[in-house]
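FYI, it's all coordinate maths here, none of it is from the lab. Please read all numbers here as calculations on a predicted model, not as lab measurements. With ideal geometry, Cβ positions are generated from the backbone for all residues, glycine too; neighbour counts draw on all protein chains shown.
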């Protein structure tokens with residue numbers, strides 16, 4: 001086991017880690033909503049108002065801070081009035097983006113806001129710009145947030161909700177450069193300015209407006225938005241980036257059957273998001289040096305070929321220890337950019353892509369990715385601190401060790417990922433400006449192809465771990481393909 005050095009300067013606090021960086025994304029796609037989160041009030045599966053109780057508890061466990069809905073591409077064909085009122089009379093629709101299945105709209109605005117209330121998270125609504133109208137979106141905001149006295153507020157009351165909800169996050173369009181309308185940046189900016197003008201702050205509710213930002217490394221899109229939008233028009237711009245192991249959207253590779261070479265290419269693809277965020281941030285810094293416009297990575301995660309025998313439009317995939325490593329790397333990177341990155345939303349929360357939960361009938365499993373969010377939750381609302389580790393490289397040149405450090409309430413959280421499939425490491429860490437009296441550590445590790453399934457739900461699970469801490473010294477071992485969290489007091 002090779003020893004490597006690490007240092008942490010608790011006095012060098014770089015930025016605040018918004019809890020929303022640990023956010024999630026739910027779309028009407030495959031079995032994310034129906035037969036995932038929502039089973040209906042008459043289901044034999046224990047539920048509250050049709051929402052699975054075990055999912056509510058799982059979301060609470062990871063302290064889910066924010067949930068994005070109803071899409072994704074689905075958002076720009078979603079008409080919210082079809083999803084309110086008596087369920088028996090709600091319009092059905094065809095989900096043309098994902099599998100051409102019929103939607104009965106039994107999960108709509110009231111059900112989503114109820115889910116957020118039960119979980120204790122902020123709702124993040126993605127509004128329809130692609131096929132909707134300014135009136136439609138402005139009326140939706142009014143329906144949700146106006147106390148009374150208007151047709152929309154009275155309609156809400158007639159549908160059983162007397163008091164308005166609090167809605168902070170409003171996305172104005174989704175992927176409008178693609179599935180949300182194939183728009184040019186010039187056209188979208190004009191549309192955004194028009195839409196946001198009619199999305200009003202009602203009854204004391206203050207909207208945090210999010211403009212559709214770039215796909216991955218489309219720096220021209222960011223440049224145009226930042227040139228033509230001011231902080232009084234938008235609070236943040238979004239960005240989407242997916243980890244594709246092969247770099248080929250036509251053949252993304254299997255979620256469970258992959259070579260060591262594919263694993264390392266996955267790590268390389270994931271780490272590329274650091275450069276992308278850096279370059280977008282540099283553009284934003286030129287136009288917005290005061291950092292009043294945030295960057296939201298509201299879709300991120302691994303995207304593989306669907307599981308054999310499943311509907312290709314449902315994007316269902318398994319979740320291995322490889323995905324846990326990817327999640328750890330992304331979250332460490334987002335923490336490091338928390339001066340500009342104010343939110344991130346993993347795609348997607350249940351049964352789609354890199355989910356934290358998989359369901360099958362009444363059964364539910366927590367994926368390796370779920371356990372990473374559980375291990376990292378103590379970073380939420382912490383102050384990000386400077387840290388350094390001695391450089392070690394994998395066979396393809398990627399860094400072997402990734403780390404992140406934060407302080408909150410006189411406790412220090414250190415999260416570490418060893419991406420190597422070959423080498424174990426022992427970290428000797430020097431702490432500056434922090435005196436440790438105890439260490440509480442946990443570890444997630446398994447063979448890289450290991451995953452949880454409905455017969456073996458705990459193949460990959462978090463276990464207590466040992467770390468030695470005294471005064472300014474911390475020693476912790478990192479087995480190959482492992483993630484370790486340490487909380488110092």
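Rank the residues 370, 198, 112 as a footprinting-exposure proxy: fewest other Cβ atoms within 10 Å of their Cβ go first. Write down the numbers at each step before the final one.
Working: 370 26, 198 14, 112 22.
Ranking 370, 198, 112 by Cβ neighbours within 10 Å, fewest first, gives 198, 112, 370.
If one computes the Cα centroid of the stretch 291-366 and of the stretch 431-453, what distance in Å separates the two points?
If we compute the Cα centre of each part, the gap is 20 Å.
As a footprinting exposure proxy, order 406, 438 by other Cβ within 10 Å, with the fewest listed first. All intermediate terms of the calculation are to be shown ahead of the outcome.
On the way: 406 27, 438 11.
Result, fewest neighbours first: 438, 406.
State the extension gain, in nm to one decimal, for the chain segment bounded by residue 201 and residue 440, taking 0.36 nm per residue of separation less the distance between their alpha-carbons.
Going from the current span to full extension adds 81.6 nm.
May I ask for the angle, rounded to the nearest 10°, between helix 109-119 and the longest principal axis of the chain, with both axes built from Cα atoms and the value confined to 0 to 90°?
30 degrees
How big is the gap, in Å, between the Cα center of the stretch 26-74 and the Cα center of the stretch 168-206?
26 Å
Take each of the peptides 169-177, 375-383, 281-289, 391-399, average the number of other beta-carbon atoms within 10 Å over its residues, and list them starting from the highest.
Working: 169-177: 24.4, 375-383: 20.7, 281-289: 15.2, 391-399: 13.6.
Top to bottom by mean Cβ count within 10 Å: 169-177, 375-383, 281-289, 391-399.
What shape does the stretch 18-380 have by the C-alpha gyration tensor, where a ≥ b ≥ c are the square roots of the eigenvalues, rounded means a/c under 1.5, and otherwise prolate means a/b greater than b/c and oblate the rest?
Working: a/c = 1.57, a/b = 1.09, b/c = 1.44.
Cα axes put the stretch 18-380 in the oblate bin.
By per-residue mean of other Cβ atoms within 10 Å, what is the highest-first order of 116-128, 230-242? Walk me through the numbers on the way to the answer.
Details: 116-128: 21.2, 230-242: 19.5.
Highest mean packing first, the order is 116-128, 230-242.
Over the chain, what is the mean sequence separation of C-alpha contacts under 8 Å (at least six apart), divided by residue count, expressed as relative contact order in percent?
Relative contact order of the chain: 20 percent.
Kindly put 90, 156, 279 in sequence by how many other C-beta atoms sit within 10 Å of each C-beta, fewest to most.
279, 90, 156
Please give the peptides 357-367, 326-336 ranked by average Cβ packing (other Cβ atoms within 10 Å per residue), highest first, as a rough proxy for protection. Please report the intermediate quantities before stating the final value.
Numbers: 357-367: 18.9, 326-336: 25.9.
Ranked by mean Cβ neighbours within 10 Å, highest first: 326-336, 357-367.
If you wrap a convex hull around the C-alpha atoms of the stretch 190-250 and split its volume per residue, what is the figure in Å³?
Once divided by residue count, the hull of the stretch 190-250 is 115 Å³.
For the chain, give me the percentage of DSSP beta bridges that are antiparallel, rounded to the nearest 5 percent.
Within the chain, antiparallel bridges account for around 60 percent of the total.
For a test of the definition: using alpha carbon positions, the gyration tensor, and the 1.5 limit on a/c, classify the stretch 56-139 as rounded, prolate or oblate.
Details: a/c = 1.71, a/b = 1.54, b/c = 1.11.
It comes out prolate by the Cα gyration axes.
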